[in-house]
Amino acid sequence: MRVEFKIEGKPVPLQRARVNSKTGTIYTPRRSKQFEKLVHLSAKQAGLRKIKNSEYVSIEALFVSKTAFKGDIDNYLKAVFDGLRHFFNDNRVFDVWARKRKPEKGEGEYSIISVGYIVFDRPKRRGR
């Protein structure tokens, strides 16, 4: 099974957590949080479901942004993984394909995310 969804607007790479100098509390920057919520809502609307214990996940991602070459691709992926954490833990991801590019003439900024589920046959445990 594979679920694909498109997120309109500029992709946002995950930004480092910041420390409030007055209170000392650690927080995630607003832009990163908003993008994570957008990923979550888009995935939910597309029909993504929580994975089963026997399933693993494959991710394909395309990030189209005017500033695509400023952010590291792994940080774009981290923002997506954080947005999908309600569906699965990122330690369940076994395969990732990602690309970032600038928009073509007349094209807007967006992200396309595709999530696939797979069940691996685990070797049976031998009796002791």
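The single condition among (1) in a loop (DSSP other than H, G, I, E, B); (2) under 17 Å from E8 (Cα atoms) that K50 does not satisfy is (2). Of all residues in the stretch 8-17, those that are exposed (fewer than 12 other Cβ atoms within 10 Å of the Cβ) and either outside any strand (DSSP E or B) or free of Cβ contacts under 8 Å to residues at least 60 places away in the same chain (or both) total 2. The single residue among F81, F5, F87, F94 that is assigned to a helix (DSSP H, G or I) and closer than 30 Å to D121 by Cα turns out to be F81.
Of the residues making up the stretch 19-48, those that are basic (K, R) and loosely packed, with under 13 Cβ neighbours inside 10 Å are K22, R30, K37. Of the residues making up the stretch 18-33, not one is in contact (Cβ under 8 Å) with a residue 12 or more places away in the chain and farther than 17 Å from A79 by Cα.
Can you say whether F69 is modelled with pLDDT under 95, assigned to a strand (DSSP E or B) and of a type outside the set (A, V, I, L, M), as far as the supplied structure shows? Answer is no for this residue. Contact map, the stretch 71-94: first residue farther than 17 Å from K44 by Cβ, second residue surrounded by 15 or more Cβ atoms within 10 Å (Cβ to Cβ) and basic (K, R), Cβ cut-off under 7 Å, separation 6 or more or different chains; pairs are I73/K100; Y76/K100. Among the residues examined, A61 qualifies as closer than 14 Å to S114 by Cα and of a type in the set (A, V, I, L, M, F, W, C).
The values are calculated or read from the model by the stated rules, or taken from the named source; none is laboratory data. None of the values given here were measured: they were computed from a predicted structure. With ideal geometry, Cβ positions are generated from the backbone for all residues, glycine too; neighbour counts draw on all protein chains shown.
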